[in-house]
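Visitor: So that we are looking at the same thing, I have put the structure below in structure tokens.
The values are calculated or read from the model by the stated rules, or taken from the named source; none is laboratory data. From a predicted model like this one, the values you see are computed outputs, not experimental measurements. Backbone-built Cβ (ideal geometry, glycine too); neighbour counts: all protein chains shown. Remember, those area values only see protein heavy atoms, side chains included, never the ligands or the DNA or RNA. Shrake-Rupley method; radii C 1.70, N 1.55, O 1.52, S 1.80 Å.
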Amino acid sequence: MEVTINKQARLSEHFTLGEMCKTSAKTADGNIPSHVHIENLKRLCGWLEMLRDEWNKRYGEGNDPIFINSGYRSEAVNKAVGGVKGSNHLTGCAADIRVAGMEQLVRYATILLDISDESQEDFDELLLERSPKGGYWLHFAVRPSDNRRKVRLIQSLR
């Protein structure tokens, strides 16, 4: 019997379990998160909702979505996509967010830093990433505890 997830299950107002677990990697485990992983994804989606709201207040038409490239990854998926060992994706604490370019990347990062400062809540990682081919994305992670507030600009090798 194949185990599946309810892809339509809402983690927050605008984010579903399906979009936070999507992957192009075909693995035997089906990339199914545990209940603990789902709670972590819900916490992360709370931050993503605040990012979305603030983006729309400052720059959007009022309803611009946030697009997720990668959220939760099982060990098999993480290995298949070349993710780092110990990645926050493995626990449902991280998402890679698609951006239109460098300007949107910097604006998203600024909004998340502002949210952290104003709420006095810390995040674990805010990584502004660029691929060798010139694509950009924002890696954002928030753990249940022991957040490091790690901010980096990274030239990805993949």
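Visitor: Out of all the residues in the range 42-65, which are assigned to a helix (DSSP H, G or I), over 21 Å from Arg10 (Cβ atoms) and either among the hydroxyl-bearing types (Ser, Thr, Tyr) or out of contact with any helix residue (DSSP H, G or I) (no Cβ under 8 Å at 6 or more places or on another chain) (or both)?
Guide: Lys57
Visitor: Just one of the numbered conditions (1) closer than 22 Å to Ser131 by Cβ; (2) over 12 Å from the mean Cα position of the chain (by Cα) is not true of Glu54; which one?
Guide: (1)
Visitor: Can you name every residue in the range 129-158 that is β-branched (Val, Ile, Thr), open to solvent by 30 Å² or more (accessible area, probe 1.4 Å) and modelled with pLDDT of 90 or more?
Guide: Residue satisfying the conditions is Val151 alone.
Visitor: Given the conditions (1) surrounded by fewer than 19 Cβ atoms within 10 Å (Cβ to Cβ); (2) within 11 Å of the chain's Cα centre (by Cα); (3) under 24 Å from Arg148 (Cα atoms); (4) among the hydrophobic types (A, V, I, L, M, F, W, C), report the number of the one that Val84 does not fulfil.
Guide: (2)
Visitor: Hey, Arg143 hits all of (1) touching a Cys at 6+ places or on another chain (Cβ under 7 Å); (2) in a helix (DSSP H, G or I) but one; which does it fall short on?
Guide: (2)
Visitor: Here's a check for you: in the range 97-128, which residue that is more than 15 Å from Arg52 (Cβ to Cβ) and either hydroxyl-bearing (Ser, Thr, Tyr) or in a strand (DSSP E or B) (or both) is most open to solvent (accessible area, probe 1.4 Å)?
Guide: Per the criteria, the residue is Ser119.
Visitor: May I ask you to list the residues in the range 10-49 that are in contact with a Leu (Cβ under 8 Å, 6 or more places away or on another chain), closer than 19 Å to Asp122 by Cα and surrounded by fewer than 19 Cβ atoms within 10 Å (Cβ to Cβ)?
Guide: Lys42
Visitor: Also, I was wondering about something else. How do the pairs read when you match residues in the range 103-129 that are in contact (Cβ under 8 Å) with a residue 60 or more places away in the chain with residues anywhere that are among the charged types (D, E, K, R) and open to solvent by less than 70 Å² (accessible area, probe 1.4 Å), using Cβ under 6 Å and keeping only pairs 6 or more apart or on different chains?
Guide: Note: pairs meeting the criteria are Ile111/Glu54.
Visitor: Output yes when any residue across the range 15-26 is modelled with pLDDT under 95 and more than 16 Å from His89 (Cα to Cα), and no when none is.
Guide: yes
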